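J.: I have a structure I would like to understand better, so I am pasting it below and will then ask my questions one at a time.
The values are calculated or read from the model by the stated rules, or taken from the named source; none is laboratory data. The shown structure was predicted, so the numbers you read here are calculated from the model rather than taken from an experiment. Glycine gets a Cβ as well: all are built from the backbone with ideal geometry, and neighbour counts include every protein chain shown. SASA here: full protein model, heavy atoms, side chains in, ligands and nucleic acids out. Shrake-Rupley method; radii C 1.70, N 1.55, O 1.52, S 1.80 Å.
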Amino acid sequence: QVQLVESGGGLVQPGGSLRLSCAASGFTFNIYAMGWYRQAPGKQREFVAGINTGGTTNYVDSVKGRFTISRDNAKNTVYLQMNNLKPEDTAVYYCNGRTTKYDYWGQGTQVTVSS
């Protein structure tokens, strides 16, 4: 059974930090490109950050220099370190794992940035 389970969300003040984790099971993690997406109220889901099987990363422009994606293949886990958070980062954050054939999603974790 394929599972992607996100954790680490919560309420944080502007300028604060959070680290999201996504624990994967039920598939061969190290052959999947992994990513984080987010969806704010009333908006479409958007790409935030991705990391391929070789460790190459990419980010949406709005988070460059603030967010860092990483993966630990030994733990079947992908992380998103989020620093200098802004109110506009408030959203439900989703973990994604994909190959050319398969596309898996987690249930999401809420991140709220507010004073």
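J.: Need the list of aspartates and glutamates near residue 43 for cross-linking: C-alpha distance under 19 angstrom, and skip anything on the same chain fewer than eight residues off.
T.: Output for residue 43: 61, 88, 89.
J.: To the nearest 0.05, what FRET efficiency results for residue 19 and residue 101 with a Förster distance of 25 Å applied to their C-beta separation?
T.: That gives a FRET efficiency of 0.25.
J.: If we count every other residue with Cβ under 10 angstrom of residue 24's Cβ, Lys/Arg +1 and Asp/Glu -1, where does the sum land?
T.: Here the charged neighbours net out to +2.
J.: Apply the Karplus parameterisation 6.51 cos²θ - 1.76 cosθ + 1.60, with θ equal to phi minus 60°, to every residue of region 84-94 and state each ³J(HN,Hα) to the nearest whole Hz, in sequence, with x for glycine and proline.
T.: 6, 5, 10, x, 6, 7, 4, 4, 8, 9, 10
J.: Also: How far apart, in nm, are two points set 7 Å out from the Cα along the Cα-to-Cβ line at residue 52 and at residue 1?
T.: Each label point lies 7 Å from its Cα, and together they span 3.4 nm.
J.: Now, a different point. Quick one: length gained pulling residue 60 to residue 83 fully straight, 0.36 nm per residue minus the C-alpha distance?
T.: 6.8 nm
J.: If you put +1 on each Lys and Arg Cβ and -1 on each Asp and Glu Cβ, how big is the dipole of the chain around its Cα centre, in Debye rounded to 20?
T.: Numbers: 11 positive and 7 negative charges, 18 e Å.
Here the size comes out at about 80 debye.
J.: Among DSSP beta bridges lying fully in the chain, give the percent that are antiparallel, nearest 5.
T.: Of those bridges, close to 95 percent are antiparallel.
J.: Let me ask another. At most 13 other Cβ atoms within 10 Å and a DSSP loop assignment: could you name the trypsin sites (Lys or Arg not before Pro) in region 1-97 that fit?
T.: 43, 64, 75
J.: Can you pull the percent of the chain's accessible area that's carbon plus sulfur, 1.4 Å probe, other chains left in place?
T.: Heavy-atom surface of the chain belonging to carbon and sulfur, 1.4 Å probe: 45 percent.
J.: Sticking with this one: Starting from the alpha-carbon convex hull of region 6-115, give the projected area averaged over all orientations, in nm².
T.: 6.6
J.: Given the whole protein assembly as supplied and a 1.4 Å probe, what does the accessible area of residue 31 come to in Å², nearest 10?
T.: Probe radius 1.4 Å; accessible area of residue 31 about 100 Å².
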